[in-house]
Every structure is written in C-alpha cells, then in structure tokens.
Amino acid sequence: MKLLIATHNKGKKKEFLDMLSTLFSDIEVQEYPRSFEVIEDALTFRGNAMKKAREATKAFDCVTIVDDSGLEVEALNNAPGIYSARFAGEDATDDDNNKKLIESLKNEKNRKARYVAEVVLSVPVSQVDSLNLSERSKKNALEEDSILFFCARGTCDGEIIDEPKGEGGFGYDPYFYIRGWDKTLAEVSTQKKATISHRAEALVCIKKMLTD
Ligand code: ITT
C-alpha cells in the first residue's frame, strides 16, 4: 500500500514509520515535499488534523496519515496546546519552546501535563479497494469530497520537570517525565514510548476501525 506520511516533523515521522510497520504490512512510503505547507489555522487538534489530511490527500491523491498534536499543561490552562510547535514564536526550535515552557512554570508546583494527538488516516474513495475494507469498517469513517477520513484521539499523561533528561524522542520529550518509569520520554526507545504515547493510542484505534 502506498502511504503518504504528511509531516515535516522528523521525530513524528520516525514514530509513525516505526508504528505503521508493525500495524500494516507492505507499506511503500510516498515522498512528502518540503515545499508543501498547510496553514494550521483551525482552533482544535481535530480541525488542524483534518485540514492537513484533506489538503495533502487532494494534492497527492494517496492514502495519507497525519496528526495534529501538542502538549497541554494544567497550570498553564492547557497551553501551549495546538500552538505547541510555535509556543516561543513562528520559527521556534524545540529548544526555544522548552526554554519558554520551563520559564512559564517557574515557581509553579503543579507540573501535571499531557500530550494529545489527533490522528487522521485519509483514503481517496478511488483507492479504498487497496485497503480491503469491509462495509462495516467504512462506516467508521467520515466521507467528504470523495475521501474517507478515519479519525482518533490519543493522550499520554506525565509531568514537566525542570532539567532535561535523555537524548531520544523530540519536542518536549526531555522534560516530559513518566513517574511510573522514573524516566522522561527522551530516555526510552521509540518502541517503549509507543507503549504509552498519545500518537500510538490514536493509531491503534484507527487500526481497529480499519479491521472492524
Ligand atoms: P507537522 O504539522 O508537519 O506534522 P509539527 O511539528 O508542526 O509538524 P504539530 O503542528 O502537530 O506538528 O505540532 C506538534 C508539536 O507538539 C511538536 O512540534 C512538539 O513540539 C509537540 N509534540 C507533539 N507530540 C510530541 C511528542 O510525541 N513528543 C514531543 N513533543 C511532541
């Protein structure tokens, strides 16, 4: 099956590749050109994820997977949320965003946070046969403009710590601490992260919708 992983975030792409290869067989990944940009101007994770999926599927006419994801911090009224990639400004790096996060939480005792991912797998109606979907599983999708959209949300609970730990993961992972593991998400392998991650939870739901 040809699949477009429509993200410019290398960390996210690596995780998708790793998880998809265990969930689906025979995936041929399509190239996603750097020049293709979707303006993320919706006000929800779902809205932005649908917009990315819709525009990429129309442009490349291919089965597509996307997510819109982010970090919600309780003491910051769930900020940065949908603005997680640009918390410290339009062209912010992960380091800039992490610095702003830690500054924003200075003297704050409540460190509860969670990651959220809204994953969308979109399938042009003309290519539905390549997925061998049952009539029942097709009913799990929203249909719009001759595209089927399978959508699911996943979350991952943790706490924000002041000092980074670990070299793995991406984004806020070096500061995202999992108490039960006594580790941040940057200290574990991609495979271990996928046992609890927001992205993995959503993807497993989508896999269930496809095999219903
Ligand atoms: P694409 O839109 O091209 O996929 P992006 O990085 O802009 O790339 P989002 O708009 O969905 O993607 O923003 C997600 C941001 O949320 C990401 O840049 C990180 O800052 C943060 N984030 C989401 N999931 C994360 C994870 O698993 N680990 C660490 N940070 C994460």
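Every read-out reported here was derived from the displayed coordinates using simple, explicitly stated rules and does not represent laboratory data. Since this is a predicted model, take the numbers as computed values, not measurements. Note that each Cβ is placed from the backbone with ideal geometry, even for glycine, and that neighbours are counted across all protein chains shown.
Collect the residues in region 61-83 that are of a type in the set (A, V, I, L, M), part of a strand (DSSP E or B) and closer than 30 Å to VAL123 by Cα, keeping them in residue-number order. Show your work before the answer.
Here is the first cut: in region 61-83, the ones of a type in the set (A, V, I, L, M) are 63, 65-66, 71, 73, 75-76, 79, 82.
Remaining after also requiring part of a strand (DSSP E or B): 63, 65-66, 71, 73.
Passing the criteria: VAL63, ILE65, VAL66, LEU71.
What residue, among those in region 60-80 that are touching an Asp or Glu at 6+ places or on another chain (Cβ under 7 Å) and farther than 21 Å from PHE16 by Cβ, is nearest to the ligand (Cβ to nearest atom)?
Result: ASN78.
Could you grab me the full set of residues in region 102-161 that are of a type in the set (Asp, Glu), part of a loop (DSSP other than H, G, I, E, B) and either over 30 Å from ASN77 (Cα atoms) or under 20 Å from the mean Cα position of the chain (by Cα) (or both)? Can you show your working first?
Pass one, region 102-161, residues of a type in the set (Asp, Glu): 103, 108, 118, 129, 135, 143-145, 157, 159.
Okay, now just the ones that are also part of a loop (DSSP other than H, G, I, E, B), so 108, 145.
Selection gives ASP145 alone.
Of (1) in a helix (DSSP H, G or I); (2) away from the ligand (no atom under 11 Å from the Cβ), ARG199 satisfies all except one. Which?
Here ARG199 meets the rest and fails (2).
In this structure, is ASP41 surrounded by fewer than 16 Cβ atoms within 10 Å (Cβ to Cβ) and within 12 Å of the ligand (Cβ to nearest atom)?
Numbers: surrounded by fewer than 16 Cβ atoms within 10 Å (Cβ to Cβ): yes; within 12 Å of the ligand (Cβ to nearest atom): yes.
Yes; evaluated as a whole, the condition is true for this residue.
Within region 8-29, track down each residue that is more than 21 Å from MET209 (Cβ to Cβ), without any contact (Cβ under 8 Å) to a residue 40 or more places away in the chain and either within 16 Å of the ligand (Cβ to nearest atom) or among the β-branched types (Val, Ile, Thr) (or both).
HIS8, LYS13, VAL29
Quickly run through region 125-148 and pick out the residues that are surrounded by 14 or more Cβ atoms within 10 Å (Cβ to Cβ), closer than 19 Å to ALA49 by Cβ and either acidic (Asp, Glu) or touching a helix residue (DSSP H, G or I) at 6+ places or on another chain (Cβ under 6 Å) (or both).
Answer for region 125-148, where residues must be surrounded by 14 or more Cβ atoms within 10 Å (Cβ to Cβ), closer than 19 Å to ALA49 by Cβ and either acidic (Asp, Glu) or touching a helix residue (DSSP H, G or I) at 6+ places or on another chain (Cβ under 6 Å) (or both): ASN140, ILE147.
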